[in-house]
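The values are calculated or read from the model by the stated rules, or taken from the named source; none is laboratory data. Just so it is clear, the model here is predicted, and its values are computed rather than measured. As a convention, Cβ positions derive from the backbone with ideal geometry for all residues, glycine included, and neighbour counts pool all protein chains shown. Accessible surface areas use protein heavy atoms only, side chains included; no ligands, DNA or RNA. Shrake-Rupley method; radii C 1.70, N 1.55, O 1.52, S 1.80 Å.
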Amino acid sequence: MTGWLAIAGLGPGADNLVTPEVSDVLAEATDIVGYIPYVARVAERPGLTLHASDNRVEVDRAMHALQMAAEGKRVVVVSSGDPGVFAMAAAVFEAMEADPEAWADLDIRVLPGITAMLAASARAGAPLGHDFCAINLSDNLKPWQLIEKRLRLAAEADFAMAFYNPRSKSRPEGFARTLEVLQEACGDDRPVIFARAVSTPEEELRVVPLTQCRPEMADMRTMVLVGSSRTRIIRRAAGDIVYTPRSVT
Ligand SMILES: C[S@@+](CC[C@H](N)C(=O)[O-])C[C@H]1O[C@@H](n2cnc3c(N)ncnc32)[C@H](O)[C@@H]1O
């Protein structure tokens, strides 16, 4: 049997937001590798082995997946959302880079998924309709000073911003500091979207003016989208729409 490795995104949560390409590769797989809650989203079936692991072992998990594929298995590494956005695709390539020759002939594919930022944006309207940036607010893999520098420069450049991993129980102070930096740097009441558990039964969406945002409005299941100075709200009885115009005149 010729092995291969696919690194696939499962989307934000709903089954109907998994792409047909990803569904097809899951149906062909012999082995699924990933973080426990993501592997739990893959249906068990005869001939399929699930390898669920803790979130802190990304490079070990990537190496295990590479080795199984080299042995002839059909391996899918799963991430939520898109695998290239703060997720497993980069971890697999980091593991490969240590010894590229070892994997020179291996069939490796990255299969995109709907990232949480885009699912959240669609729920609110089109807040990312003009230039934007995405920032991971976790300082597990980078120093906090770098996050703060990027926040200030993004505000200065008037980007809309999408924040992944905004606030965890182990680092509650980072998002509080983020709000302070933005309130100081933006100096206005632009809309901020808190989109929690998008496309799952626990989904919640709140739109809050920047000056009224509080740290506890976000957790690790939340995407936070901050508008640019030009982002506006269309008020409607059927539900408000947040959007950023496509042009700057
Ligand atoms: C480690 S990142 C992984 C991102 C993922 N690869 C993606 O493309 O969406 C995890 C963060 O994504 C965001 N996230 C993932 N799924 C979400 C959902 N259904 N609703 C809101 N935010 C979500 C949260 O900010 C969470 O802390």
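Details
- Rounded, prolate or oblate (a/c below 1.5 giving rounded, otherwise prolate when a/b exceeds b/c) for segment 1-53 by Cα gyration tensor: oblate
- For segment 114-167: rounded, prolate or oblate by the Cα gyration tensor [a/c cutoff 1.5]: oblate
- Modelled this way, with points 7 Å down the Cα-to-C-beta line, the labels at Ser53 and Val248 are 4.3 nm from one another.
- Placing a label point 7 Å from the Cα of Thr2 along the Cα-to-Cβ line, the residues of segment 72-116 whose backbone N sits under 20 Å from it are 72-77, 101-111.
- Computed label-point distance, nm, for sites Lys169 and Asp105 using a 7 Å Cα→Cβ extension: 4.9
- Nearest-0.05 FRET efficiency for Ala238 and Trp144, computed from C-beta distance (R0 45 Å): 0.65
- At the residue level, Asp99 shows approximately 80 square angstrom of accessible surface with a 1.4 angstrom probe and all protein chains present.
- Charge-dipole axis of segment 93-146 as Lys and Arg at +1 and Asp and Glu at -1 on Cβ define it, positive-most pick from Cys133, Ala104, Phe93: Cys133
- Charge dipole magnitude, Cβ of K and R +1, D and E -1 - segment 47-161, Cα centre, debye nearest 20: 420
- Acute angle (nearest 10 degrees) that the helix 88-97 long axis makes with the longest principal axis of the chain, alpha-carbon atoms: 50
- Dipole in debye (nearest 20) - segment 1-97, about Cα centre, beta carbon charges: Lys, Arg +1; Asp, Glu -1: 160
- Isotropic mean projected area of the C-alpha convex hull, the chain (nm²): 15.1
- Within segment 100-241, the proportion of C-alpha pairs whose separation exceeds 18 Å stands at 57%.
- Where Leu141, Leu210 fall by accessible area, highest first, once all protein chains stay in place (1.4 Å): Leu141, Leu210
- FRET efficiency for Ala176 and Ala122, using Cβ-Cβ distance with R0 set to 35 Å, rounded to 0.05: 0.80
- Placing unit charges on the Cβ atoms only, positive for Lys and Arg and negative for Asp and Glu, gives the chain a dipole magnitude near 1000 debye about its Cα centre.
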